[in-house]
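Contents: one structure, followed by commentary.
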Amino acid sequence: MSQPLGEFKHSEALTLGVELELQLVSKRDFDLTRAATDLIDSLKYDERYGEIKLEITESMIEISTLPQSTVDGIASDLAGLRETLRTHCARHNIAVCGGGTHPFHRWPERRICPGERFDNLYQRYGYLAKQFTVFGQHVHVGCTSADDAIWLTQALGVYVPAFIALSAASPFVDGVDTFFQSARLNAVSAFPLSGQCPPLANWAEFVRHFSFLQSCGIASGIKDLYWDVRPKPEFGTVEIRVCDTPLTIEQASSLAALAQSLSRWLLRTRPELHTGLQAHVARYNKFQACRYGMAAMISDPVALCQRPLRESLLELLETLSEDARELGCGHWLKALLPIVNADAGDASWLRARNNLHHNLNDVVRETTERLMAPTSNKSWEHS
C-alpha cells in the first residue's frame, strides 16, 4: 500500500542528526550473532541521547542521535549511546563494533528481524535482504524549506565520492580482501532505486516524480528510495546515506562536521548545478571512490577532465574551513586531514591489523575495542 509523502516538516537550518548501523558480534569467536531482538527487549534506557532500535537482521542495531545544532552535541549523544550499549551488551555477552561490512560472516545464516516492514522487504527482495547486513552512517542536515532540500540533495550529490572515500571501512567480504576501500555499497547498488536523485527543479517536481513512481508500482514510500542523498520530509532534512559506519564515534562526528560545513557553504554560495551532466559520471565516480578511496580519479563533466580525489578533497577542506569555524566544528573537520594526506582511514587500519594478525577474528575483536575505547574530554575542545 502506497504511503502519502506528506508535507515537508520545517527544520532549523543546518541542524544535524546521525544514525549509525552497528554490528552485534559474539565474544566467543567475534562472528555476527543473532541478538538484536533480545538486546532491545531487555534495554532499560530513557532515550536521553537518542534511539536504539532494530534494523533488518538480528545481527545489527541502529543508534540515532537527537537533533543537534552542533557537532559537539552529536559527539556527546554518540558517546552516551555508546556507554548505554557497553552496559547492556556486557549482560548478553556480546560486543558491538563499527565498520561497513563484517569481514567473514555468512549471509545465509542471517535472520530477518520481526516486523511488518522487515518482512515486506524480505518478501520483495529475497536474498538481497539478508545480504543487506551491511552497516552505514547516515547524516541528516536540517533545511528550512522543501525547495532548499531538493536543491541541497542535488548539490551534495557531486560530493558523494568524498564522503565515500573519507568513511571507507569495508575492505573485507566473505573472509577475503575485496581490493575495495568500501565494498559495502556494492550490496546497496543491487536495489532498483539506488543511485542519485534525478534532475529536479524544486519540491513540486519531486512530488510529481515520487507520485509517478508510486503510480507505476515502483515505490510505496520514501524509504524505497535508496538514493545516495535523499530528502526526508518527515524530519525536514536532507539525508546523506553513502558513508560506511566508522570504527570510532570521533570519525562519525568528523563526517557530520563535513556534512554541516559543506551544506552551509553550498547554501551560502549557491554554485551552479550541472545535474544533467553529473548524471552521466555519477556512477563511475562512485565506483572510483569505493574501489580506490583517496587514490580515485574523479571525472569532471563540466571541465571534461579527470582529477585526483585527494587533490580535490584538500581544496574542499580548505574551502570549508571558514564555514566550519563559524559553525564551531573546525576541529572536527581538521581531523579528516590525516585520512586525505596519509591514507590513515579505517580501511587502511583494518588491513594493517589483518596483516599483523593474519586472522580476521582478531581483527573484529580489536574493532570492538576501538569503538568502545573511552573518549578523552579533550576531543570535545576546539583547537
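The values are calculated or read from the model by the stated rules, or taken from the named source; none is laboratory data. All figures in this text were calculated on a predicted structure; none of them were measured in a lab. Heads up, the Cβs are rebuilt from the backbone with ideal geometry, glycines too, and the neighbour counts pull from every protein chain shown.
Within the set of pairs 6+ apart or on separate chains, which have a first residue in the stretch 249-269 that is over 13 Å from Leu320 (Cα atoms) and among the β-branched types (Val, Ile, Thr), a second that is surrounded by fewer than 24 Cβ atoms within 10 Å (Cβ to Cβ) and at pLDDT below 95, and C-beta atoms under 8 Å apart?
The qualifying pairs are Ile249/Thr375.
Does the stretch 371-382 include one or more residues that are charged (D, E, K, R) and surrounded by fewer than 14 Cβ atoms within 10 Å (Cβ to Cβ)?
yes
Search the stretch 166-191 for residues that are closer than 25 Å to Leu316 by Cβ and pair each with any residue that is of a type in the set (Ser, Thr, Tyr) and part of a loop (DSSP other than H, G, I, E, B) when their beta-carbon atoms are under 7 Å apart and the residues are at least 6 apart or on different chains.
That search, which allows pairs on different chains as well, returns Ala169/Thr245; Ser170/Thr101; Pro171/Thr178; Ala183/Thr101; Arg184/Thr101.
For the stretch 50-57, state whether one or more residues are basic (Lys, Arg) and either out of contact with any Asp or Glu (no Cβ under 6 Å at 6 or more places or on another chain) or in a loop (DSSP other than H, G, I, E, B) (or both).
Within the stretch 50-57, the first condition is being basic (Lys, Arg), and the residues that meet it are 53.
The next check asks that each one be either out of contact with any Asp or Glu (no Cβ under 6 Å at 6 or more places or on another chain) or in a loop (DSSP other than H, G, I, E, B) (or both); those that pass are none.
No; the residues of the stretch 50-57 include none that is basic (Lys, Arg) and either out of contact with any Asp or Glu (no Cβ under 6 Å at 6 or more places or on another chain) or in a loop (DSSP other than H, G, I, E, B) (or both).
Specify the residue that is nearest to Leu255 (Cα to Cα); the eligible residues are those in the stretch 97-152 that are of a type in the set (S, T, N, Q) and in contact (Cβ under 8 Å) with a residue 24 or more places away in the chain.
It comes out as Gln137.
Go through the stretch 202-220 and give me each residue that's among the hydrophobic types (A, V, I, L, M, F, W, C), touching a residue at least 12 places away in the same chain (Cβ under 8 Å) and not in a helix (DSSP H, G or I).
Residues satisfying the conditions are Ile218, Ala219.
Can you name the condition, by its number, that Lys223 falls short on among (1) modelled with pLDDT of 95 or more; (2) part of a helix (DSSP H, G or I)?
Of the numbered conditions (1) modelled with pLDDT of 95 or more; (2) part of a helix (DSSP H, G or I), the odd one out for Lys223 is (1).
Listed residues His10, His102; which is assigned to a loop (DSSP other than H, G, I, E, B) and crowded, with 19+ Cβ neighbours inside 10 Å?
One residue alone meets the criteria, His102.
One line per residue, one yes/no per condition, for (1) of a type in the set (Val, Ile, Thr); (2) under 26 Å from Leu128 (Cβ atoms):
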{"site": "Ala201", "(1), (2)": "no, no"}
{"site": "Val207", "(1), (2)": "yes, no"}
{"site": "Gln214", "(1), (2)": "no, yes"}
{"site": "Gly217", "(1), (2)": "no, yes"}
{"site": "Leu266", "(1), (2)": "no, no"}
{"site": "His274", "(1), (2)": "no, no"}
{"site": "Arg291", "(1), (2)": "no, yes"}
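Which of the residues spanning the stretch 228-243 are out of contact with any Leu (no Cβ under 7 Å at 6 or more places or on another chain), assigned to a strand (DSSP E or B) and either among the acidic types (Asp, Glu) or under 21 Å from Arg283 (Cα atoms) (or both)?
Of everything in the stretch 228-243, those that are out of contact with any Leu (no Cβ under 7 Å at 6 or more places or on another chain), assigned to a strand (DSSP E or B) and either among the acidic types (Asp, Glu) or under 21 Å from Arg283 (Cα atoms) (or both) turn out to be Arg230, Pro231, Glu239, Arg241.
Take Glu326 and tell me if it is among the acidic types (Asp, Glu), farther than 22 Å from Val158 by Cα and modelled with pLDDT under 95.
Spelling it out, it is not the case that Glu326 is among the acidic types (Asp, Glu), farther than 22 Å from Val158 by Cα and modelled with pLDDT under 95.
Considering every residue within the stretch 114-123, establish whether at least one is within 27 Å of Pro67 (Cα to Cα), surrounded by 17 or more Cβ atoms within 10 Å (Cβ to Cβ) and among the aliphatic types (A, V, I, L, M).
No: zero hits.
Checking the conditions here, which among Asp244, Asp300 is of a type in the set (Asp, Glu) and without any contact (Cβ under 8 Å) to a residue 40 or more places away in the chain?
Matching residue, one of Asp244, Asp300: Asp300.
Within the stretch 333-352, count every residue that is assigned to a helix (DSSP H, G or I), more than 18 Å from Ala183 (Cα to Cα) and not β-branched (Val, Ile, Thr).
Matching residues across the stretch 333-352 total 6.
Of Leu336, Leu314, which residue is out of contact with any strand residue (DSSP E or B) (no Cβ under 6 Å at 6 or more places or on another chain) and free of Cβ contacts under 8 Å to residues at least 60 places away in the same chain?
Exactly one residue qualifies, and that residue is Leu314.
Restricting attention to the stretch 154-209, which residues are more than 29 Å from Asn359 (Cα to Cα) and among the acidic types (Asp, Glu)?
Glu205
Could you tell me whether Arg283 is surrounded by fewer than 17 Cβ atoms within 10 Å (Cβ to Cβ), basic (Lys, Arg) and within 20 Å of the chain's Cα centre (by Cα)?
yes
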